[in-house]
Amino acid sequence: MNTEIITKFTKSYLKDSLPTLKSGDTIRVHQKVKEGNKERVQIFEGTIIALKHGRGISGTLTVRKVSGGVGVERIFPLHAPFIEKIELVSHGKVRRAKLYYLRNRIGKSAKLKKREQKQPEKQ
């Protein structure tokens with residue numbers, strides 16, 4: 001009974017416009033930032049190294065990028081109101097769910113191969 005109430009309550013907060021995300025994908029996260037009384041959109045582009053807690057209200061994704069030779073990681077809640085949109089840039093070919101090993105890689109060894117998209121056959 002309690003789970004029914006929780007799912008009914010959280011359903012209104014879930015975003016329905018999320019793309020299918022996997023570890024290794026390169027994404028752009030458009031985030032609303034308030035500075036004083038102004039509001040602007042800041043874009044964070046990087047590789048997904050972890051998806052946690054499913055696709056529900058508590059789901060998060062960890063995005064990593066290298067900026068100025070320094071690795072930067074941010075954890076974004078999937079359904080947070082300050083996330084304007086998540087844009088999929090490319091798919092990476094990976095064989096594991098958590099890509100924490102990328103933290104120790106520098107340069108070319110930190111690159112992921114591109115995953116080919118299967119196109120439906122024409123009949």
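The values are calculated or read from the model by the stated rules, or taken from the named source; none is laboratory data. Remember, predicted model here, so these are calculated numbers, not experimental data. Counting neighbours? That spans all protein chains shown, and the Cβs are built from the backbone with ideal geometry, glycine included.
To keep it simple, each residue is scored yes or no on (1) under 21 Å from Phe44 (Cα atoms); (2) among the small types (Gly, Ala, Ser).
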| position | (1), (2) |
| --- | --- |
| Ile83 | yes, no |
| Leu88 | yes, no |
| Val94 | no, no |
| Lys98 | yes, no |
| Leu102 | yes, no |
| Gly107 | yes, yes |
| Ala110 | yes, yes |
| Gln117 | no, no |
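Which residue pairs have Cβ atoms under 6 Å apart, sit 6 or more places apart or on different chains, and have a first residue in region 37-53 that is exposed (fewer than 13 other Cβ atoms within 10 Å of the Cβ) and a second that is of a type in the set (A, V, I, L, M, F, W, C)?
Arg40/Val33; Gln42/Val33
What's the number of the only condition in (1) among the aliphatic types (A, V, I, L, M); (2) surrounded by 10 or more Cβ atoms within 10 Å (Cβ to Cβ); (3) modelled with pLDDT of 90 or more that Ala110 fails to meet?
Tallying (1) among the aliphatic types (A, V, I, L, M); (2) surrounded by 10 or more Cβ atoms within 10 Å (Cβ to Cβ); (3) modelled with pLDDT of 90 or more, Ala110 fails exactly one: (3).
When you scan region 83-97, do you find a residue that is within 19 Å of Lys22 (Cα to Cα), β-branched (Val, Ile, Thr), free of Cβ contacts under 8 Å to residues at least 40 places away in the same chain and touching a Pro at 6+ places or on another chain (Cβ under 9 Å), even just one?
First, pick out the residues of region 83-97 that are within 19 Å of Lys22 (Cα to Cα): 83, 85-97.
Going one step further and asking which of them are β-branched (Val, Ile, Thr), we end up with 83, 86, 89, 94.
Subsequent filtering for residues that are free of Cβ contacts under 8 Å to residues at least 40 places away in the same chain retains none.
No, region 83-97 contains no residue that is within 19 Å of Lys22 (Cα to Cα), β-branched (Val, Ile, Thr), free of Cβ contacts under 8 Å to residues at least 40 places away in the same chain and touching a Pro at 6+ places or on another chain (Cβ under 9 Å).
Can Lys113 be described as more than 30 Å from Lys8 (Cα to Cα) and either in contact with a Phe, Trp or Tyr (Cβ under 6 Å, 6 or more places away or on another chain) or in contact (Cβ under 8 Å) with a residue 12 or more places away in the chain (or both)?
Numbers: more than 30 Å from Lys8 (Cα to Cα): yes; either in contact with a Phe, Trp or Tyr (Cβ under 6 Å, 6 or more places away or on another chain) or in contact (Cβ under 8 Å) with a residue 12 or more places away in the chain (or both): yes.
Yes: the conditions hold for Lys113.
Restricting to region 1-14, name every residue that is touching a residue at least 12 places away in the same chain (Cβ under 8 Å) and exposed (fewer than 14 other Cβ atoms within 10 Å of the Cβ).
Residues satisfying the conditions are Thr10, Tyr13.
Can you tell me which residue within region 57-81, out of those that are of a type outside the set (A, V, I, L, M, F, W, C) and loosely packed, with under 12 Cβ neighbours inside 10 Å, is nearest to Ile43 (Cα to Cα)? Break it down stepwise before answering.
To start, the set of residues in region 57-81 that are of a type outside the set (A, V, I, L, M, F, W, C) comprises 58-60, 62, 64-65, 67-69, 71, 73-74, 77, 79, 81.
Now drop any that are not loosely packed, with under 12 Cβ neighbours inside 10 Å, which leaves 67-69, 81.
Working: Ser67: 13, Gly68: 16, Gly69: 19, Pro81: 15 Å.
So, considering only residues that are of a type outside the set (A, V, I, L, M, F, W, C) and loosely packed, with under 12 Cβ neighbours inside 10 Å, the one nearest to Ile43 (Cα to Cα) is Ser67.
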